[in-house]
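We did not get these values from a lab; they are worked out from the coordinates using the rules stated. As the structure is a computational prediction, the values presented were derived from the model and not from experiment. Methodologically, a virtual Cβ is constructed for each residue, glycine included, from the backbone with ideal geometry; neighbour enumeration extends over all protein chains shown.
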Amino acid sequence: MRLKRAAILLSLALLGAREMRAEYVVLRSGQRLTVTSYQLNGDTYRLQMAGGFVEIAAEEVVAIEPEEIFTPVPATPAVKPPYRELVEAAAARYNVDADLITSVIAVESNFDPKAVSHKKARGLMQLLPETAARLGVRNIEDPQENIDAGTRYLRDLLQKYNNNLVLALAAYNAGPERIQRYGRVPPFAETISYVRRVKRGYENNKASTLKKRAEGTERTAATSLPRTEQAQ
């Protein structure tokens with residue numbers, strides 16, 4: 001196992017961030033991730049996927065295999081129906097920003113409803129079985145149930161930490177007991193990276209949403225002007 005890991009690390013170190021044909025990154029959990037490029041940063045893999053960049057601890061990777069048929073992937077992911085509708089419904093139900101929910105899903109599962117983590121968290125919002133059971137989830141891989149329960153849990157954490165987004169996200173990743181123990185974001189590289197990635201995605205999503213709204217407002221205002229004013 002050490003020789004295999006050393007070979008992987010050496011390969012990544014030599015290749016760096018160079019673009020490659022699609023590859024499969026195989027995790028200890030058995031999950032296979034399709035990537036178009038990858039880079040070694042210390043003990044962390046930075047993988048380019050359809051949903052953007054994902055960082056994974058090196059020890060979680062057991063193999064990197066070439067994909068026989070290369071399928072181009074879009075540079076910018078989009079939440080496609082029914083997920084967008086489900087996200088907006090959960091956002092309205094629990095008063096949580098839809099862009100925040102989308103950002104959590106992107107980092108947690110890259111929009112894969114059957115995603116399973118090495119900690120056995122499952123589904124779009126990566127709910128642990130015990131958390132899902134507590135929230136009344138019957139089918140953890142069902143997008144509607146998973147998004148609804150994950151959003152409710154996120155809402156509860158935001159309320160618990162007085163809308164402190166950083167602490168709420170850290171608790172979502174590492175658990176509230178870790179926040180209570182340290183009184184802050186736990187000093188775990190995975191949690192720190194998780195909070196940063198979700199916040200960055202949230203900021204980008206929110207900026208994009210505000211831009212679209214502004215453009216829509218401008219178009220509406222322009223079409224509502226009298227013809228004489230439009231002609232000027």
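Would you mind calculating the gained length between ASN41 and ARG200 on full extension (0.36 nm times residue separation, minus the Cα-Cα distance), in nm to one decimal?
Gain on extension, ASN41 to ARG200, equals 55.3 nm.
What ranking do 183-190, 53-60 get when scored by the average of other Cβ atoms within 10 Å per residue, highest first?
Those peptides, ordered most packed to least, come out 53-60, 183-190.
Taking a ≥ b ≥ c as the square roots of the eigenvalues of the Cα gyration tensor of the stretch 94-155, is the shape rounded (a/c under 1.5), prolate (a/b larger than b/c) or oblate?
oblate
Within the stretch 117-161, which residues have the backbone N less than 18 Å from the label spot 7 Å out from GLU177 along Cα→beta-carbon, could you tell me?
Zone members listed by number: 119-121, 127-135, 157.
Work from the charge dipole of the stretch 130-197 (Cβ charges, +1 for Lys and Arg, -1 for Asp and Glu, about the Cα centre) and give the residue of GLY150, ILE140, ILE179 farthest towards its positive end.
Positive-most Cα among the choices belongs to ILE179.
What order, most packed first, do the peptides 150-158, 167-175 have when packing is the mean number of other Cβ atoms within 10 Å of each residue?
Result, highest mean Cβ count within 10 Å first: 167-175, 150-158.
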